[in-house]
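Let me begin by presenting the structure, written as structure tokens, before commenting on it.
Derivation of every value follows stated rules applied to the coordinates shown; laboratory data play no part. Just so it is clear, the model here is predicted, and its values are computed rather than measured. Positions of Cβ are generated from backbone atoms using ideal geometry, with glycine treated the same way; all protein chains shown enter the neighbour counts.
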Amino acid sequence: MIQITEHTRNVLLEVAKTKKIYIEGSFLKILKAPPDDTEFDEYLKTCKERDSVSRKKRLEITKQVQSQNRELEKAVKKNEVLMQDLQTALNETQKAKQEAEKLRDEAVEDLDTLQKKTQFELIGKIVRVALGVIVSIGFIVTGLFITTLFLNQESAIVESTWSNLMGILLTNSFSIVGTIMGVKYATEK
């Protein structure tokens with residue numbers, strides 16, 4: 001135990017009265033009041049009570065801070081789990097989006113192929129019908145011309161007519177085929 005000098009005693013009591021500052025901490029355990037000094041003994045008791053209250057407050061604050069830290073740690077862990085779940089969901093969404101785009105591109109390509117096939121088939125039918133009509137007319141006109149030749153009729157008019165008609169049919173057939181091929185070439189790009 002440490003004995004306090006008269007001067008130190010007076011200073012401590014004066015500071016306590018005027019500024020409300022008291023001794024705290026483990027130092028109080030080794031201080032001892034002089035034997036007949038009840039005022040300093042009361043001062044030390046007050047210091048010990050205030051120190052006890054202050055320690056309890058600090059302990060409560062420490063417990064509160066520790067509790068808040070535990071809650072924050074739990075919240076951080078929960079937040080990390082949520083972030084991982086969110087990242088997983090985002091990755092799955094991106095994969096689904098890429099898959100959907102791939103399927104869409106395949107569908108567009110299939111549709112384009114189907115349209116080209118349909119157009120090609122339609123163009124083929126038109127060419128066959130047009131050429132069939134032209135060839136039929138050519139055979140009919142040629143048959144009439146041959147019939148006229150065998151009947152020994154005036155064939156000069158029939159010859160020029162036949163020649164003009166065959167030229168027109170040939171020109172029309174090339175025109176139809178050329179137009180259809182041009183349309184086909186234009187739609188490919």
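By the count of other C-beta atoms within 10 Å, a proxy for reagent exposure, Val81, Val183 are ordered fewest to most as Val81, Val183. Measure nothing but the geometry: give the 0 to 90° angle between the long axis through the Cα atoms of 38-150 and the longest principal axis through the Cα atoms of the chain, rounded to 10°. With rounding to tens, the tilt is 0 degrees. Bridging of Lys125 to lysines at a Cα separation below 29 Å is possible for Lys116, Lys117, Lys184, Lys189, once same-chain residues fewer than 8 apart are set aside. Most fluctuating residue of Glu121, Glu73, Glu42 in a GNM of the chain with Cα springs under 10 Å: which is it? Sorting by GNM fluctuation, first place goes to Glu42.
Put +1 on the Cβ of each Lys and Arg and -1 on the Cβ of each Asp and Glu in the range 2-188; which of Ser52, Leu149, Leu72 then has its Cα farthest toward the positive end of the dipole? Of Ser52, Leu149, Leu72, it is Ser52.
Which order, highest average first, do 93-101, 15-23 follow once you tally other Cβ atoms within 10 Å for each residue and take the mean per peptide?
So the order, starting with the most tightly packed, is 15-23, 93-101.
Ordering Tyr185, Tyr43 by the number of other Cβ atoms within 10 Å of each residue's own Cβ, fewest first, gives Tyr185, Tyr43. Distances between placed amide hydrogens fall under 5 Å for Ile4 paired with Lys32, all partners being 5 or more residues away or on another chain. Of all lysines in the structure, those lying under 30 Å Cα to Cα from Lys48, and not within fewer than 8 positions of it along the same chain, are Lys17, Lys19, Lys20, Lys29, Lys32, Lys56, Lys57, Lys63.
Separation of the range 144-183 from the range 18-64 is 132 Å, based on Cα centroids.
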